[in-house]
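Working notes, beginning with the structure itself.
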Amino acid sequence: MHDGQLFVLAIIALSIFGGTAKMWVRAKAGLPPEERSDRRSRRSIGATDLAAERQVHLLSTENEKLTSKIGRLEGRLAVLERIATDPAERTAREIEALRDR
């Protein structure tokens, strides 16, 4: 064999070995095997980054709204629990005190 052919075979062997080693490391780390489409999608991330940032912002806003709503509901639930567990006399006195204001 000529030196050029050996060089080409060495490059092919290194590529195969490198791909196998990469798959072995990913499997050892518990990651799923990489698909060819994953490699292509990483190249065109620019537009998807903006969409992902917008989605994160929208979800964060919705999360804040829901958190505040849960806080209000917990307060109302505490009042209802107090009404349900307190003696009727105290509840009646508090209602009358509110009416007198």
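The values are calculated or read from the model by the stated rules, or taken from the named source; none is laboratory data. Everything numeric here is computed off the predicted structure, so don't read it as measured data. Counting neighbours? That spans all protein chains shown, and the Cβs are built from the backbone with ideal geometry, glycine included. The area values use the complete protein model at the heavy-atom level, side chains included, leaving out ligands, DNA and RNA. Shrake-Rupley method; radii C 1.70, N 1.55, O 1.52, S 1.80 Å.
Here are some notes:
- Residue 4, sole failed condition from (1) open to solvent by 90 Å² or more (accessible area, probe 1.4 Å); (2) over 30 Å from the mean Cα position of the chain (by Cα); (3) of a type outside the set (Lys, Arg); (4) modelled with pLDDT under 90: (1)
- Any pair with Cβ under 8 angstrom, 6 or more apart, that starts in region 71-84 at a residue that is closer than 16 Å to residue 95 by Cα and ends at one that is assigned to a helix (DSSP H, G or I) and open to solvent by less than 100 Å² (accessible area, probe 1.4 Å): 83/91
- Hits in region 63-94 (condition: open to solvent by less than 100 Å² (accessible area, probe 1.4 Å) and at pLDDT 90 or above): 63, 66, 67, 68, 70, 71, 73, 75, 77, 78
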